[in-house]
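Just below is one structure, and these are the notes that go with it.
The values are calculated or read from the model by the stated rules, or taken from the named source; none is laboratory data. Computed from a prediction, not measured in an experiment: that's the story for all the values here. Cβ sites come from the backbone with ideal geometry, for glycine too, and all protein chains shown count toward neighbours. Just the protein is used for accessible areas: all its heavy atoms, side chains included, with ligands, DNA and RNA removed. Shrake-Rupley method; radii C 1.70, N 1.55, O 1.52, S 1.80 Å.
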Amino acid sequence: MLTGINKIGDLEWEVPIGYVPDMRVPGRFFLSRTLAETLEEGAVRQLANVATLPGIVKHSLAMPDIHWGYGFPIGGVAAFDMTEGVISPGGVGFDINCGVRLITTPLTEADLARRKRELIERLFDAVPTGVGAKSALRVSNKDLSAVMVDGARWAVERGLGTEADLVRCEGEGAMPGADPDAVSAKARQRGVPQLGTLGAGNHFLEVQVAKEIVDPEAAKTFGIAEGQVCFMVHCGSRGLGHQVATDHLRTLEGAVAKYGIRLPDRQLACAPLDSPEGRAYYGGMVCAANYAWANRQVIMHEARKVFAHLFGIDYDEMQLIYDVAHNVAKFERHDVDGVSTEVCVHRKGATRAFGPGAEGVPSEYAAIGQPVIIPGSMGTSSYLLHGTTAAMQKTWGSTCHGAGRVLSRSKAKKEVRGKELRERLAGEGIVVRAHSDTALAEEAPAVYKPSQEVVRVVHEAGLSHIVARLEPLGVIKG
Amino acid sequence: MSFDELEHTADVLMRVRGATLNELFAEAGRAMFSVMYGPCEERGVERRIEIEAENLESLLIDYLSELLFVTEVENTVFCTFDVDLRGTRLSAVLRGEPFDPARHSAGTVVKGISYFGLEIVKEEEGYVVEIIFDI
């Protein structure tokens, strides 16, 4: 383990004030000894850097999938005071509202048996993936403004989903406060042709089977049963979100000097929440977040059509369990020293995990807490969990977002051959479809921490509890 | 003039070298396009861009961000970058080919250019910079 860090619980560690100069609060992160072996010093330093930002409340936090990013570490969570605090694109990332949704089907693994490859090929045809992917949707500039304000509702109102889908999205598939004027013409140009596209990198659409139900009561409430075929969509706000982040980082760079903020890392550029620059970033970020919810809604719709057509099932038999964002900043009410207080929570590679009864959890899930969806890496388990009261108390209602990488892209390409990987996965019954084998190698399971260990830590730390384990059957990637 | 990929677990970290600043900027463009598309040939596409910034580092970020924008909205892949720097003002002629999914799908989307650790350093034999591309 790195020096200068204190163990304060079985799975909890503290980065004391002074680890880097000017820290206002201590850092805290959650990690098992096994995961601690791969912890990078750079990630801890980034966690400590976040603690220097004005108005940070209580702690700079990181989830067990913490790793070295830029600005905030990946897995980083921090809340800021609404008056004294700041908002920072470095606490959200370039892929605003990258997120995950999980959908059940009435099918079992046996139903897919001989048609799995055909299903994956049809999904690959129906959902544009990879670099340069363009949507079949015709979206006007005016439509785009509506998408940025209404999010998933925009798609549902055009028949690309149902009202029930909206209830089962974080924030009902849209955040308030969108400011389309804070989205540049360039961002719009990138957004228009990409609505309903998956993108590349670690984004995917995966067909899975619920292999193990760990919490039967919660599983029943969420509508998932053992042996049920599901599918998962992982993607974000595409070029529109990337451009919004790029544009506002630039503006906020100037704001840092204007507001006399001292930063240890330029990527932490920020502005007071209550400043023109801070408000503009928030309004633009909300537009991108809403675009991402619409994007995942459109992709789900296309996938539902493929399943319905191929297996003769009804569209409505495929129920969305939930949709979660894992790169976003939100205004939320939390308990701060016994007082319910509004704060701006940044989650960068972290998932909201609101517990039972928390405001914002759909009423049908209120007794259990919100569903939390943790995608595994390609070929490994994904998990459905639920949020907890402990998360509300310790992490601003947050948990991990994925496995977290341990191997660089360059090493992955040296050590893993895409073709061999595809064939090995096929041997395990997992059909993989991508534009190129090279891209596959970069996302091989071996480049990630084991997802079960990350999930075990959040479960044992009480930040969310496992409901079901899902195993992959087939995946399409960019 | 060269670029090398260094170890970085989450993103792509490139060390880029150039004998002159013009070369450094050209090579940074090549490095980014190699991440996104793999091999590329000049096939008649030509584009000019002009950018101005308050310092060299910001200019490099703005230049690379502009390349990301252009490649995406114009469906073009660039292989050569003739860069002409005058202080913190840049004009560049980009040459390449139309995006072809059959030949350009070996890479990945670059989401943005990170400011983290980005510093252009003057060495005896030229300039060097390390850039993190968010993928």
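Residue-level analysis places B:ARG103 outside the set of residues that are open to solvent by 50 Å² or more (accessible area, probe 1.4 Å) and either at pLDDT 95 or above or β-branched (Val, Ile, Thr) (or both). The residues of segment A:281-314 that are open to solvent by 10 Å² or more (accessible area, probe 1.4 Å) and under 23 Å from the mean Cα position of the chain (by Cα), listed by number, are A:TYR282, A:HIS301, A:GLU302.
Kindly check whether there is at least one residue in segment A:90-103 that is within 14 Å of another protein chain (Cβ to nearest Cβ), in contact with a strand residue (DSSP E or B) (Cβ under 7 Å, 6 or more places away or on another chain) and aromatic (Phe, Trp, Tyr).
If we filter segment A:90-103 for residues that are within 14 Å of another protein chain (Cβ to nearest Cβ), which is where we start, we get A:90-98.
Going one step further and asking which of them are in contact with a strand residue (DSSP E or B) (Cβ under 7 Å, 6 or more places away or on another chain), we end up with A:90-98.
Subsequent filtering for residues that are aromatic (Phe, Trp, Tyr) retains A:94.
Yes.
Annotation note: Cβ proximity below 8 Å between a residue of segment A:114-143 that is within 14 Å of chain B (Cβ to nearest Cβ) and in contact (Cβ under 8 Å) with a residue 60 or more places away in the chain and a residue that is among the aliphatic types (A, V, I, L, M) and open to solvent by 40 Å² or more (accessible area, probe 1.4 Å) (sequence gap 6+ or interchain) occurs for A:PRO128/A:ALA136. Scanning segment A:104-125 for residues that are buried (at least 18 other Cβ atoms within 10 Å of the Cβ) and of a type in the set (S, T, N, Q) gives A:THR104, A:THR105. Yes or no: segment A:258-275 includes at least one residue that is open to solvent by 10 Å² or more (accessible area, probe 1.4 Å), more than 13 Å from A:SER88 (Cβ to Cβ) and without any contact (Cβ under 8 Å) to a residue 24 or more places away in the chain. Yes, that holds for at least one residue.
A quick yes/no check of all residues on (1) modelled with pLDDT under 95; (2) touching a helix residue (DSSP H, G or I) at 6+ places or on another chain (Cβ under 6 Å); (3) not in a strand (DSSP E or B):
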{"position": "A:ALA219", "(1), (2), (3)": "no, no, yes"}
{"position": "A:ILE224", "(1), (2), (3)": "no, no, yes"}
{"position": "A:GLY241", "(1), (2), (3)": "no, yes, yes"}
{"position": "A:HIS248", "(1), (2), (3)": "no, yes, yes"}
{"position": "A:ALA257", "(1), (2), (3)": "yes, no, yes"}
{"position": "A:ASN290", "(1), (2), (3)": "no, yes, yes"}
{"position": "A:TRP293", "(1), (2), (3)": "no, yes, yes"}
{"position": "A:GLN297", "(1), (2), (3)": "no, yes, yes"}
{"position": "A:GLU302", "(1), (2), (3)": "no, yes, yes"}
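The residues of segment A:447-459 that are part of a helix (DSSP H, G or I) and closer than 29 Å to A:ASP125 by Cβ, listed by number, are A:VAL447, A:SER451. Listed here are the strands (runs of 3 or more DSSP E) enclosed by segment B:19-135 that have at least 3 residues being within 14 Å of chain A (Cβ to nearest Cβ) and of a type outside the set (A, V, I, L, M, F, W, C): B:89-98.
The set of residues from segment B:1-17 being within 7 Å of another protein chain (Cβ to nearest Cβ) and either assigned to a strand (DSSP E or B) or open to solvent by 20 Å² or more (accessible area, probe 1.4 Å) (or both) comprises B:GLU5, B:GLU7, B:THR9, B:VAL12. Scanning segment A:437-478 for residues that are of a type in the set (Val, Ile, Thr) and either buried (at least 21 other Cβ atoms within 10 Å of the Cβ) or more than 14 Å from every other protein chain (Cβ to nearest Cβ) (or both) turns up A:VAL447, A:VAL454, A:VAL455, A:VAL457, A:VAL458, A:ILE466, A:VAL467, A:VAL475, A:ILE476.
Name the one entry in A:VAL416, A:VAL406, A:VAL339 that is more than 14 Å from chain B (Cβ to nearest Cβ), open to solvent by 30 Å² or more (accessible area, probe 1.4 Å) and either at negative phi or of a type in the set (Lys, Arg) (or both).
Working: A:VAL416 fails: open to solvent by 30 Å² or more (accessible area, probe 1.4 Å); A:VAL406 fails: more than 14 Å from chain B (Cβ to nearest Cβ).
One residue alone meets the criteria, A:VAL339.
Restricting attention to segment A:429-436, does a residue exist that is among the basic types (Lys, Arg), more than 19 Å from the chain's Cα centre (by Cα), within 14 Å of chain B (Cβ to nearest Cβ) and part of a strand (DSSP E or B)?
Just the residues of segment A:429-436 that are among the basic types (Lys, Arg), to begin with: A:433.
Right, trim to more than 19 Å from the chain's Cα centre (by Cα) and you get A:433.
Okay, now just the ones that are also within 14 Å of chain B (Cβ to nearest Cβ), so A:433.
Next cut, part of a strand (DSSP E or B) only: A:433.
Within segment A:429-436 (the criterion being among the basic types (Lys, Arg), more than 19 Å from the chain's Cα centre (by Cα), within 14 Å of chain B (Cβ to nearest Cβ) and part of a strand (DSSP E or B)), the answer is yes, since at least one residue qualifies.
Among the residues making up segment A:240-254, a single one is more than 9 Å from chain B (Cβ to nearest Cβ), surrounded by 24 or more Cβ atoms within 10 Å (Cβ to Cβ) and not aliphatic (A, V, I, L, M): A:HIS248.
The residue that is modelled with the lowest pLDDT, among those in segment A:42-80 that are within 20 Å of A:VAL447 (Cβ to Cβ) and open to solvent by 20 Å² or more (accessible area, probe 1.4 Å), is A:TRP68.
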